[in-house]
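The values are calculated or read from the model by the stated rules, or taken from the named source; none is laboratory data. Here the structure is a predicted model, which means the values were calculated and not measured. In this analysis, Cβ positions are derived from the backbone assuming ideal geometry, glycine residues included, and neighbour counts consider all displayed protein chains.
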Amino acid sequence: MHRYIPHTEEEIKEMLQEIGVGSIDELFVDVPKTIDGYKIPDGKDEFTVRKIVETLAQKNKAFQPENVFLGAGIYYHYIPTVVKHLAANPNFLTAYTPYQAEVSQGTLQMLFEYQTMMCELTGMEVANSSMYDGASSFAESLLMATRITGKYKMLVAKTINPEYRTVARTYTSPIGIKIEEIGYTELGAVNLDELKAKLDDETAAVAVAYPNFFGVIEDLKTIRSFIRQNVIFIVVAEPVSLALLEAPGTFGADIVVGEGQSLGVTPNLGGPGIGFFTTLEKHVRKMPGRLIGQTKDLDGKTGYVMILQTREQHIRREKATSNICSNQAYIALINAIYLSIMGPQGLKEVAYRSYNNAHYLAKKLEEAGFPRIFTGEFFNEFVVRVSTDYRNRWHEMAKDGILGPIPIDRVYKELGPSALVCATEVNTKESMDRLVEVMRK
Amino acid sequence: MTIFELSKPGRKGYELPTYDVPDSGCNIPEHLLRKKPPMLPEVSEVDVVRHYTNLALKNYSVDRGFYPLGSCTMKYNPKINEDMAILFTQLHPFQPRETIEGAVELMGHLKELLCEITGTDDMTLQPAAGAHGELTGLLIARAYFEDIGELGKRKKVIVPDSAHGTNPASAGMAGFEVIEIKSGPDGCVDLEELKKHLDETVAVIMLTNPNTLGLFEKDILTIAKMAHDVGALLYYDGANLNAIMGRTRPGDMGFDIVHLNLHKTFSTPHGMGGPGSGPIGVKAPLAQYLPVPVVRKSGEKYELDYNLPKSIGMVRTFYGNFLVLVKAYTYILTMGGKGLKHVSDMAVLNANYLRAKLSKTFKIAYDRICMHEFVIDNEEFAKKTGVKTLDIAKRLLDYGLHAPTIYFPLIVHEAMMIEPTETESKQTLDAFVEAMEKIAKEAQENPQLVKGAPYTTPVRRLDDVNATKYPVFRFKR
């Protein structure tokens, strides 16, 4: 007997009798018995389990959010208390994919509202109900560009998160997609001359990040003006920034994707976060992932269902637009609650404080001998020149409780000693001044 | 009502701390500044609390009752798992390696436990879901054949017609041609049929064992030998692992690549569709192609190994859905080796008990001892009564139960696929049988009643035809 498994000895006997077998073993006659149990210790009571996992947790070091200056795709923001309380509702947590719509209206309406919020932030017409993370969402956007255009050449800015580009290569190489990278200028923005030179009739898509990995705000308007209409324009966006920055949809993006962790989700060692995926109605049949739509029930009452499922794997099988089935719906719930709490004004304040803190910090760091490497206008991250022994300093700072700007010279070797600084609304003036002092040492 | 309709301009649900950083002024070029704010809700904290609490009331969940979705393993999700995951939420994936010692150790332990459970030699915890694991596994197979110079000739992946839709979809994404083979009259892989398609142009055979009919592929050792004789790899879809724990392991059966669904077998909550976790275990010769980083023991400690020159790369950022890993680890500690065997024993007992009871009223497809799930074939029932599987499913909702998986596997028409899991009691199963019997009676006596169901749910049957024909993707004012 176990507390998760309710069978009494007597019931087991009754059930075996009903089945018409004499023992549990008889139910497994077809199974080759290759082991006699696992070489795994016996189970433990919950208090002992708690102790074991807590002991592991204590071997990690969690940082006070105001002392974190590391972003690079995962961000610390204030998360209002209600977010976790509402999300913890077991009717969200322990439900599955809304296969029976009539008893899943909570899930379906929530996802419909989430889709609406993502459309609003990005300025796009359709959002799906989630992908695994920003990187896989980006990779899937390239696959979708090939489905739309029938072409296999992608021009991808080198200023897109390096891990996203790694994941994109993993996803796209099997079907023969060729990724060509576009370099950057002293602005820290995509090199337009190089982009123009590499654009040709074979090009399926151009992809840039907004703001990009260096924090620089790419000029989407100018970039789009260089790209012919039939080339798919993909923007990897940071959703908090979109409360302050013009929506990519306004500039003619075809697909806007990104990581939604910054919308109310704790860092979680990088997962779970959530990939968001948005596009235009004209492309929707080429889109991956689950879509929720509004409809009516028999009595004319408004309700919600999964729609356009013929794109998906359970119907289209090998011709599906993606193999995705399980997604990150629960994280979409967290995003939706967070955005409901913050509203347009709250999110804009968060975005502006992040922007302003980063600019305050940039000025202070420059005065302390850490000049910015790029001159382009940035959102809440920027790259500074550091000394050759900075990596050691970075580890030292961690001992003092500061999660400092991450060295990036291993992924961008051409930059030399450099670090990516991040600030959000959780950093205080005091914590930023302290960072400058500690970096100067 | 949607949350957008609750909105009033100027109302708010947040408050940020006093701000003391000097304003440096905004230097963003005018044309890149947002002109029109996004239409997000403007509501109070109370509005938000009530909105989401009321939405939750419209959901059925495992915590509310029986959820016998076949192939989904909707078992109870222990509460302690959630508490343990919360201990790790504040870690940044890029923080210095020496500050995440415990997290890396946990991943190392979990990997070793899962390798023992699957009978594999190495593993990645990175894939975020089952289908993501499938793609990862097939990319590993691809890298292997490329490495040994056989990718040019090996273009095919064989899947049985009873396979999950993700199998062929993943194979397509991995650049393979999909060959679907018909199941035999006993519902298992037809060896003659397999022989016809199996040659040196085949890269991988993907199998679920037990298969989606809940039947154990009894010829699995022969199938493995046939695959390996032509140089192909055998892939294990782990959706149905909950049936065989403690008795056999995919690796022992001859599988080379094995995926797991931690959100099924290992009790992590399904969260309305995710996050899941789909680790991939492999036999030693394939370990060099795993995505990076791989967690490896080095002396007494665990290390994150990025130095795999032949790796397929990364399938997502960082270490996967890490919090899901914490929950699965907590579950394995709780159950222990013997407990996991008991899990499968009771899961299979429950399924067979339900099958035996329901076989008195319904036709069971391939009616013999099953594993953790079985399939009802309602084709004759529908012809006789006019009541289809969909109608029975909807009527079950009126009885306060979740419906089984319906119209899958595709090889059984009017299929109803039932997986009770081990966490359900005899009383619960009896109540389900009683409801099914009542519905069968209703179908005879008053078919319209069943065809009009459900009546007691937050909405009645929804028009999904027009929902797709004239799609409304988002709320608009």
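Only a single criterion out of (1) assigned to a loop (DSSP other than H, G, I, E, B); (2) at pLDDT 95 or above; (3) facing chain A (nearest Cβ under 7 Å) is not satisfied by B:Ser24, namely (2). Of all the residues in the range A:40-62, those that are among the β-branched types (Val, Ile, Thr) and either at positive phi or part of a loop (DSSP other than H, G, I, E, B) (or both) number 1.
Of all residues being free of Cβ contacts under 8 Å to residues at least 24 places away in the same chain and in contact with a helix residue (DSSP H, G or I) (Cβ under 9 Å, 6 or more places away or on another chain) in the range B:450-468, which is nearest to B:Ile376 (Cα to Cα)? Just the residue, please. Outline the logic, then answer.
Going residue by residue through the range B:450-468, those that are free of Cβ contacts under 8 Å to residues at least 24 places away in the same chain are B:452, B:459-460, B:462-468.
Next, only the ones that are in contact with a helix residue (DSSP H, G or I) (Cβ under 9 Å, 6 or more places away or on another chain) stay: B:452, B:459-460, B:462, B:464, B:468.
On the way: B:Gly452: 21, B:Val459: 27, B:Arg460: 25, B:Leu462: 25, B:Asp464: 25, B:Thr468: 29 Å.
Only one residue tops the list, namely B:Gly452.
For B:Asn352, the conditions (1) at the interface with chain A (Cβ under 8 Å from one of its Cβ atoms); (2) under 18 Å from B:Pro78 (Cβ atoms) are fulfilled apart from (2).
Checking the structure you have, find out if any residue of the range A:336-355 is out of contact with any Phe, Trp or Tyr (no Cβ under 7 Å at 6 or more places or on another chain), modelled with pLDDT of 95 or more, surrounded by fewer than 22 Cβ atoms within 10 Å (Cβ to Cβ) and more than 23 Å from B:Pro29 (Cα to Cα). No, there is no match, as no residue in the range A:336-355 is out of contact with any Phe, Trp or Tyr (no Cβ under 7 Å at 6 or more places or on another chain), modelled with pLDDT of 95 or more, surrounded by fewer than 22 Cβ atoms within 10 Å (Cβ to Cβ) and more than 23 Å from B:Pro29 (Cα to Cα). Cβ-Cβ contacts under 7 Å between residues 6 or more apart (or on different chains), taken from a first residue in the range B:46-73 that is more than 10 Å from every other protein chain (Cβ to nearest Cβ) and under 21 Å from B:Ala431 (Cα atoms) to a second residue that is in a helix (DSSP H, G or I) and hydroxyl-bearing (Ser, Thr, Tyr), are listed as B:Phe66/B:Thr428.
In the set B:Glu98, B:Glu134, B:Glu82, which member is at the interface with chain A (Cβ under 8 Å from one of its Cβ atoms), among the acidic types (Asp, Glu), in contact (Cβ under 8 Å) with a residue 12 or more places away in the chain and farther than 22 Å from B:Ala203 by Cβ?
B:Glu82
Taken together, the residues in the range A:321-335 that are in a loop (DSSP other than H, G, I, E, B) and buried (at least 24 other Cβ atoms within 10 Å of the Cβ) amount to 7.
So A:Leu111 clears everything in (1) assigned to a helix (DSSP H, G or I); (2) under 18 Å from the mean Cα position of the chain (by Cα); (3) at the interface with chain B (Cβ under 7 Å from one of its Cβ atoms) except one condition, right? Which one? If we test A:Leu111 against (1) assigned to a helix (DSSP H, G or I); (2) under 18 Å from the mean Cα position of the chain (by Cα); (3) at the interface with chain B (Cβ under 7 Å from one of its Cβ atoms), just (3) comes out false.
Pick from A:Thr116, A:Thr166, A:Thr172: which is polar (S, T, N, Q), more than 22 Å from A:Asn335 (Cβ to Cβ) and in contact with a strand residue (DSSP E or B) (Cβ under 8 Å, 6 or more places away or on another chain)?
Details: A:Thr116 fails: more than 22 Å from A:Asn335 (Cβ to Cβ); A:Thr166 fails: in contact with a strand residue (DSSP E or B) (Cβ under 8 Å, 6 or more places away or on another chain).
From the options A:Thr116, A:Thr166, A:Thr172, the qualifying one is A:Thr172.
I'd like the residue in the range B:429-477 that is surrounded by 20 or more Cβ atoms within 10 Å (Cβ to Cβ) and of a type in the set (Phe, Trp, Tyr) and, out of all such residues, is farthest from A:Lys296 (Cα to Cα). This residue is B:Phe432. The residues in the range A:402-432 that are within 28 Å of A:Val350 (Cα to Cα) and either touching a helix residue (DSSP H, G or I) at 6+ places or on another chain (Cβ under 7 Å) or of a type outside the set (Asp, Glu) (or both) can be counted, and the count is 21. A single entry from B:Lys36, B:Lys75 fulfils the requirement of being surrounded by 21 or more Cβ atoms within 10 Å (Cβ to Cβ) and assigned to a loop (DSSP other than H, G, I, E, B): B:Lys75.
Evaluate the following for A:Arg391: is it closer than 30 Å to A:Leu111 by Cα, not in a loop (DSSP other than H, G, I, E, B) and not assigned by TED's automatic domain parsing to the domain that holds A:Ser241? I'd like the intermediate steps shown before the answer.
Working: closer than 30 Å to A:Leu111 by Cα: no; not in a loop (DSSP other than H, G, I, E, B): yes; not assigned by TED's automatic domain parsing to the domain that holds A:Ser241: yes.
No: the conditions fail for A:Arg391.
Scanning the range A:247-269 for residues that are surrounded by fewer than 24 Cβ atoms within 10 Å (Cβ to Cβ), outside any loop (DSSP other than H, G, I, E, B) and among the small types (Gly, Ala, Ser) returns a single hit, A:Gly249.
Just a yes or no: is a residue in the range A:73-83 more than 8 Å from chain B (Cβ to nearest Cβ), at pLDDT 95 or above and in contact with a Pro (Cβ under 9 Å, 6 or more places away or on another chain)?
Scanning the range A:73-83, I find at least one residue that is more than 8 Å from chain B (Cβ to nearest Cβ), at pLDDT 95 or above and in contact with a Pro (Cβ under 9 Å, 6 or more places away or on another chain), so the answer is yes.
Before we move on, is B:His31 farther than 30 Å from B:Gly336 by Cβ, surrounded by fewer than 17 Cβ atoms within 10 Å (Cβ to Cβ) and either modelled with pLDDT of 95 or more or within 27 Å of the chain's Cα centre (by Cα) (or both)? So B:His31 fits the description; yes. Among the residues here, A:Glu10 does not qualify as facing chain B (nearest Cβ under 7 Å), more than 27 Å from the chain's Cα centre (by Cα), free of Cβ contacts under 8 Å to residues at least 60 places away in the same chain and not in a loop (DSSP other than H, G, I, E, B). Going residue by residue through the range B:266-287, is there one that turns out to be more than 12 Å from chain A (Cβ to nearest Cβ), among the aliphatic types (A, V, I, L, M), under 17 Å from A:Ile35 (Cβ atoms) and assigned to a helix (DSSP H, G or I)? So far as the range B:266-287 goes, no, none of its residues is more than 12 Å from chain A (Cβ to nearest Cβ), among the aliphatic types (A, V, I, L, M), under 17 Å from A:Ile35 (Cβ atoms) and assigned to a helix (DSSP H, G or I).
Counting the residues of the range B:426-452 that are facing chain A (nearest Cβ under 9 Å) and either in a loop (DSSP other than H, G, I, E, B) or out of contact with any Lys or Arg (no Cβ under 9 Å at 6 or more places or on another chain) (or both) gives 4. Set side by side, the residues B:Val295, B:Val324 differ, and just one is crowded, with 22+ Cβ neighbours inside 10 Å, touching a Lys or Arg at 6+ places or on another chain (Cβ under 6 Å) and not in a loop (DSSP other than H, G, I, E, B), which is B:Val295.
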